[in-house]
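For reference, the structure discussed in these notes is given below.
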Amino acid sequence: MKLLLQRVKNANVSVEGKIVGKINQGLLIFVGIVKGDTPQQAEYLARKSANLRIFEDEQGKMNLSVKDVGGSALVISQFTLAGDCTQGNRPGFDNAARPDDAKSLYEYFSTQLKANGVPVENGIFQADMQVSLINDGPATFILEH
């Protein structure tokens, strides 16, 4: 499982011109599920995301979590994170989990993030989504487990 986290001032996701999820300060989290990923990995990454100290404190040091700043998370499924770009010029997606497996693990990750005290908004799995954000920093991190 691979996550791309972006610290944002705000973010939203639209499907067919309608906003389906939006947050103010918090984390925009793109979730890529690969074959063999487990619920235990989702639990670990949800806990890590909720507690990762990437927001600045009064001294300007990254010392606060999304929970500490009262932020939220916008969680978007992103199968392209499972893409393999090592061969040729076209990414291969053989490592991506099957859609039904990926959807249940994506939803489980969101549930676990909520269980760790972070309000969560979501995109729509397998939809053609447009994501808008104001990256804060910019601060972008990759988590894998």
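The values are calculated or read from the model by the stated rules, or taken from the named source; none is laboratory data. Everything quoted here is computed from the prediction, not taken from an experiment. Neighbour counts are summed over all protein chains in view; Cβ atoms, including those assigned to glycine, are modelled from backbone coordinates with ideal geometry.
At a glance:
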| quantity | calculated |
| --- | --- |
| For residue 42: the one exception among (1) surrounded by fewer than 18 Cβ atoms within 10 Å (Cβ to Cβ); (2) touching a Leu at 6+ places or on another chain (Cβ under 7 Å); (3) within 27 Å of residue 19 (Cα to Cα) | (1) |
| Scan of the range 63-86 for residues that are without any contact (Cβ under 8 Å) to a residue 60 or more places away in the chain and assigned to a loop (DSSP other than H, G, I, E, B), ordered by number | 65, 66, 67, 68, 69, 70, 71, 83, 85, 86 |
| Some residue of the range 31-49 being within 19 Å of residue 69 (Cβ to Cβ) and either at pLDDT below 95 or among the small types (Gly, Ala, Ser) (or both) | yes |
| Subset of the range 115-128 (residues that are among the aliphatic types (A, V, I, L, M) and either buried (at least 16 other Cβ atoms within 10 Å of the Cβ) or under 20 Å from residue 79 (Cα atoms) (or both)) | 118, 120, 124, 127 |
| Number of the exception - residue 62 against (1) surrounded by 15 or more Cβ atoms within 10 Å (Cβ to Cβ); (2) more than 27 Å from residue 128 (Cβ to Cβ) | (1) |
| Residue list for the range 2-35, filter: in contact with a Leu (Cβ under 8 Å, 6 or more places away or on another chain), among the polar types (S, T, N, Q) and under 21 Å from residue 62 (Cα atoms) | 6, 10 |
| Strands (runs of 3 or more DSSP E) enclosed by the range 1-51 - at least 2 residues per element that are within 11 Å of the chain's Cα centre (by Cα) and closer than 25 Å to residue 132 by Cβ | 2-15, 26-32 |
| Breaking point among (1) out of contact with any His (no Cβ under 7 Å at 6 or more places or on another chain); (2) within 21 Å of residue 123 (Cα to Cα), for residue 1 | (1) |
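Here's the yes/no breakdown for (1) under 21 Å from residue 48 (Cα atoms); (2) charged (D, E, K, R); (3) crowded, with 16+ Cβ neighbours inside 10 Å:
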{"position": "66", "(1), (2), (3)": "yes, no, yes"}
{"position": "74", "(1), (2), (3)": "yes, no, yes"}
{"position": "78", "(1), (2), (3)": "yes, no, yes"}
{"position": "84", "(1), (2), (3)": "no, yes, no"}
{"position": "87", "(1), (2), (3)": "no, no, no"}
{"position": "113", "(1), (2), (3)": "yes, no, yes"}
{"position": "130", "(1), (2), (3)": "no, no, no"}
{"position": "135", "(1), (2), (3)": "yes, no, no"}
